[in-house]
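A single structure is presented below for examination.
The values are calculated or read from the model by the stated rules, or taken from the named source; none is laboratory data. Just so we're clear, the structure is a prediction, and the values are computed from it rather than from any experiment. Positions of Cβ are generated from backbone atoms using ideal geometry, with glycine treated the same way; all protein chains shown enter the neighbour counts.
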């Protein structure tokens, strides 16, 4: 059974909090974020192909990927990794190229729950409430939920 995704976008503040537990140790969940070949297998909604064009998962590194629908429509994303601490933390920027100049900063915490379980805590801050609401209205919940379900399969066992 898939663990639920909890998404909070409180009124009046430009941030989103996402939490999700995984029945896998922190090291597996972290590696699935660090290895671009693994990221391409789980990131985003079902049915899209993810092509990682840049993925340097280290402090000061950068990242970029493109997701393509079966009909050929593609969407680009990019950012930088500000801070990465193995099995603990990643702080990065996030930009959807369809809305240039709107960059969020995201903090991902990899929390060891014991017994081979992990909680992923994401906190994303946007430059305005309108930008945050645009992300929420984009179908983000759908993509996050489906992507994390694939991540579950990837880190299982």
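Based on what the data block shows, is residue 41 modelled with pLDDT of 95 or more and crowded, with 16+ Cβ neighbours inside 10 Å?
no
Against the definition (surrounded by 14 or more Cβ atoms within 10 Å (Cβ to Cβ) and in contact with a strand residue (DSSP E or B) (Cβ under 7 Å, 6 or more places away or on another chain)), how does residue 79 come out, yes or no?
Yes: the conditions hold for residue 79.
Quick one: count up the residues across segment 112-145 that are farther than 26 Å from residue 48 by Cα and either at pLDDT below 95 or surrounded by fewer than 16 Cβ atoms within 10 Å (Cβ to Cβ) (or both).
Within segment 112-145, residues that are farther than 26 Å from residue 48 by Cα and either at pLDDT below 95 or surrounded by fewer than 16 Cβ atoms within 10 Å (Cβ to Cβ) (or both) number 9.
When you scan segment 83-90, do you find a residue that is touching a helix residue (DSSP H, G or I) at 6+ places or on another chain (Cβ under 9 Å), surrounded by fewer than 17 Cβ atoms within 10 Å (Cβ to Cβ) and either part of a helix (DSSP H, G or I) or on the phi > 0 side of the Ramachandran plot (or both), even just one?
yes
Does residue 79 fit the bill of being under 22 Å from residue 64 (Cβ atoms), more than 15 Å from the chain's Cα centre (by Cα) and without any contact (Cβ under 8 Å) to a residue 40 or more places away in the chain?
no
Continuing with the same structure: Counting only residues that are surrounded by fewer than 17 Cβ atoms within 10 Å (Cβ to Cβ) and more than 14 Å from the chain's Cα centre (by Cα), which one in segment 24-38 is farthest from residue 108 (Cα to Cα)?
37
So residue 93 passes all but one of these: (1) farther than 17 Å from residue 55 by Cβ; (2) touching a strand residue (DSSP E or B) at 6+ places or on another chain (Cβ under 9 Å). Which condition number does it fail?
It fails just one condition, (1).
The rows are residues; the columns are (1) more than 14 Å from residue 150 (Cβ to Cβ); (2) not in a loop (DSSP other than H, G, I, E, B).
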| residue | (1), (2) |
| --- | --- |
| 3 | no, no |
| 6 | yes, yes |
| 13 | yes, no |
| 16 | yes, yes |
| 19 | yes, yes |
| 24 | no, no |
| 31 | yes, yes |
| 38 | no, yes |
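Just to verify a result, which residue in segment 52-65, among those that are free of Cβ contacts under 8 Å to residues at least 24 places away in the same chain, under 15 Å from the mean Cα position of the chain (by Cα) and under 15 Å from residue 38 (Cα atoms), is surrounded by the most Cβ atoms within 10 Å (Cβ to Cβ)?
55
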